[in-house]
Amino acid sequence: MQYGYFDDERREYVITRPDTPAPWANYLGSPKYGAVISNNAGGYSFAKSGADGRIIRYVFNSFDQPGRYIYIRDNDRKDYWSASWQPVGKNTEDYKSKCCHGTGYTRICADYVGIHTEALYYVPLDKEYEVWCLKLKNNSEEDRNLSITGYAEFTNNSNYEQDQVNLQYSQFITRTLFEENRIRHLVHGNLDGIEDGKDVDDKVVVERFFGLAGSEVASYCGDREKFLGRYHGYGNPVGVENGNLGNELSCNENGCGALTSEIMLKPGEEKTLTFLLGMKYNEEAKTIMERYEYPEEVCNRELEEIIAYWHGKLSHFQVKRIIHLAPEMAVDKIRFMLSAQVDNGGGLPLVKFTHNAGHEDTPDDASYVKETGHPAYRADDALWLFPTVYKYISESGNLSFVDEVIPFANKGEGTVYEHLKRAVEFSLNHMGPHGMPAGLYADWNDCLRLGKNGESTFVALQFYLAMTILKKFAEYKGDTEYIAYLEEKQEKFGGILNKLCWNEDRFIRGFTEEGEVIGNREAPEANMWLNPQSWSVISGFASESQAEKALEKVYENLNTEYGAILMDPPYHKYAFDGALAVIYNAGTKENAGIFSQSQGWLILAEALLGHGNRAFMYFKENAPAAQNDRAEIRKLEPYCYGQFTEGKASPHFGRSHVHWLTGTASTVMVGCVEGIMGIRPDFYGLRISPSIPEEWDGFEIEKDFRGKHLHIVVSNEKHVQSGCVKLLVNGEQMEGDYIPEKFLTEWTEIELKMS
């Protein structure tokens with residue numbers, strides 16, 4: 001069943017049925033101000049942190065409420081509805097609606113009793129507030145007397161958990177005020193006589209605002225209970241039913257922002273007004289409100305800027321057949337994560353947006369455990385730095401980044417090269433009894449606790465890759481002594497892996513502290529694990545024979561029509577103490593569910609072996625867009641990944657969960673770009689080594705690379721899955737499938753013949 005379609009020209013997903021099987025959401029904003037909005041205007045907003053900077057309330061695992069609601073009331077008919085289908089929920093035979101989720105904006109259009117509305121939600125570029133721009137048009141043949149009400153429900157505490165749990169505290173620290181055209185919501189408002197934002201006994205005065213621009217405020221309400229009314233809900237608030245909000249404010253209640261404007265529309269007449277929301281002190285909020293005195297012109301311009309910005313980002317890499325986009329943004333995050341590395345080489349298990357590099361406690365400090373609840377380092381945290389830093393430098397060509405000095409989390413500083421060297425030393429200093437990286441608190445799989453002295457094959461393969469990558473950095477630095485050191489360690493380490501972890505036709509998952517083998521092919525449960533097989537190829541460790549056998553067993557044992565499950569059979573009777581996945585129902589999450597992020601690694605592994613058919617098959621099986629016609633099964637949006645999909649052991653096989661909250665998109669992009677498309681830059685140039693379905697005639701790529709534009713045409717006349725028989729760059733033939741950077745020009749024409 002379909003609930004919408006992809007509009008490729010406008011780069012939007014258009015929802016044509018509002019009764020989607022789950023809230024289908026979009027993300028608005030930037031790292032400084034974020035917002036989540038569903039197709040029925042549910043969702044929440046936050047400044048910097050979704051956990052500690054929450055502005056408006058949202059109740060998870062409920063009914064997609066509350067949200068950014070705009071109500072329309074016909075004052076003559078005493079009838080009312082909402083600009084989104086919910087929360088009022090009019091009969092869909094009479095109420096027609098369409099939601100367009102675009103790049104950084106959402107537009108919800110509705111038609112009811114002759115009134116057309118378009119509610120546009122967005123966060124302006126480089127701003128820290130959001131805009132709800134409402135356009136109304138009277139399509140009837142009579143004058144219409146309308147009341148327009150915007151509603152936002154504030155959290156009483158910026159920490160979302162405290163807001164909903166600690167009611168004996170959070171409800172008594174807020175109050176609302178009305179000034180000019182806006183509701184002011186103050187948290188710790190009794191301290192407002194001090195300088196804005198100053199700490200008082202570790203408390204901070206926080207102020208939010210909800211304002212109306214482009215029309216006069218006829219009535220207002222700052223108290224949720226007074227707005228909704230006793231025994232009423234968001235679908236029938238008394239303030240909207242009555243046509244007047246009563247000019248009520250709150251003190252020691254649940255605060256809200258509700259503003260009503262009364263407008264008259266003649267037949268064919270249009271009107272635009274704007275609601276604005278943010279976490280700003282009063283004077284700045286006033287300045288923001290003044291900007292939108294004539295909202296239509298401003299909103300149209302800001303929307304064009306958002307579209308131009310995001311479409312510009314997407315234009316850096318485009319593939320014609322089936323997307324590396326912003327290395328300048330990636331490097332800021334890489335610096336941040338490097339600064340979360342402890343000087344011993346380990347990574348902080350938890351990094352907050354308030355991270356203070358050079359002054360952090362670490363898992364070695366008792367205070368850290370008390371503060372965060374994390375008792376130890378995770379075995380894999382620092383190892384993710386290696387492919388990330390390498391990919392950034394290879395994409396950007398910014399080799400000087402190797403020598404950039406970045407602080408450690410607790411004390412001291414070092415070059416990027418030094419950070420990476422210390423990460424290797426951390427693993428070497430935390431080995432288990434077999435000479436493999438110790439499991440520590442956990443590896444990527446939070447539900448697999450092998451123990452402090454247990455050992456993880458997955459992390460071992462990450463570590464093998466880390467040494468390979470670090471040798472490339474050492475070669476660039478001319479550090480021959482360190483290269484020899486790494487080669488000696490890697491050769492010895494490889495021997496251990498081969499002896500202990502290869503199990504006839506698969507790699508095991510690891511060892512517990514007691515020495516029990518996890519992932520042994522003879523085990524009654526959990527005898528086959530996905531990640532060690534894919535990472536044995538990605539790391540470059542597996543021999544050709546091992547790689548072929550391991551991935552064949554993945555296909556035979558783990559593959560399903562919705563992607564490959566994480567392991568099989570599920571845990572039930574034979575779980576060891578650290579197999580926390582057993583708490584989940586079979587086929588769910590880590591207990592034989594289909595983890596989306598792992599699909600990206602599998603796509604890449606198959607492509608690296610030249611298996612184009614299977615690489616693309618795994619992509620399509622788990623791709624949200626490929627399931628657009630099975631929305632009633634998948635439930636989640638067909639334009640974003642969920643964390644996991646229920647596996648074949650579940651009665652709800654194919655149902656996906658936890659939308660947006662996953663690193664899958666970037667992982668799958670790597671699998672597609674570096675794997676299927678075969679676009680693999682290194683320090684000194686670019687390799688093009690596609691692995692595609694044999695049925696493809698070829699494909700075409702437009703790519704911006706190190707300040708140059710590449711037009712790449714790949715042809716596959718004999719329909720093979722991989723290979724390169726000829727590579728031409730501006731008409732000049734290269735050796736093999738590699739292009740040294742010196743051959744790239746401002747506009748580079750590249751032709752690759754696979755067969």
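Accessible surface of the chain, 1.4 Å probe: 47 percent of it comes from carbon and sulfur atoms. Each peptide in 744-752, 263-271, 338-346, 594-602 receives the mean, over its residues, of other Cβ atoms within 10 Å, and ordering these scores from highest gives 594-602, 338-346, 744-752, 263-271.
Looking at the range 484-553, the trypsin sites (Lys or Arg not before Pro) that sit in a DSSP loop and have at most 16 other Cβ atoms within 10 Å of their own Cβ are Arg521. Probing with 1.4 Å while keeping every protein chain in the model, the per residue accessible area of the range 310-423 equals 45 Å². A probe of 1.4 angstrom, applied to the heavy atoms of all protein chains, finds His355 with accessible area near 30 square angstrom. So, R0 is 35 Å and r is the distance between the beta-carbons of Tyr27 and Lys472; what FRET efficiency does that work out to, to 0.05? Approximately 0.50, to the nearest 0.05.
Enumerate the residues in the range 671-704 having an amide nitrogen under 17 Å from the point lying 7 Å beyond the Cα of Lys726 toward its Cβ. Zone members listed by number: 698-699. In order along the range 538-545, phi translates into HN-Hα couplings of 4, 6, x, 7, 5, 5, 4, 5 Hz, rounded to whole numbers, per the Karplus curve 6.51 cos²θ - 1.76 cosθ + 1.60 with θ = phi - 60° and x for Gly and Pro. For the residue pairs Lys96/Lys589; Lys78/Lys271; Lys48/Lys391; Lys313/Lys753; Lys411/Lys471; Lys489/Lys708, the C-alpha atoms sit more than 31 angstrom apart in Lys96/Lys589; Lys489/Lys708.
Spatially, the range 541-572 and the range 404-477 are offset by 26 Å when compared through their Cα centroids. For the chain, the share of DSSP beta bridges that are antiparallel, to the nearest 5, is 95%.
No disulfide-compatible partner, judged by a Cβ distance under 4.7 Å, exists for the following cysteines of the chain: Cys99, Cys100, Cys109, Cys221, Cys251, Cys256, Cys447, Cys501, Cys640, Cys672, Cys724.
Under a 5 Å amide H cut-off, with hydrogens placed 1.01 Å from N, Asp223 pairs with Cys256 among residues at least 5 apart or on other chains.
The values are calculated or read from the model by the stated rules, or taken from the named source; none is laboratory data. All values reported here derive from a predicted model rather than from experimental measurement. Note: ideal-geometry Cβ built from the backbone for every residue, glycine included; neighbour counts use all protein chains shown. Quick note on the areas: whole protein, heavy atoms, side chains included, nothing else; ligands and nucleic acids left out. Shrake-Rupley method; radii C 1.70, N 1.55, O 1.52, S 1.80 Å.
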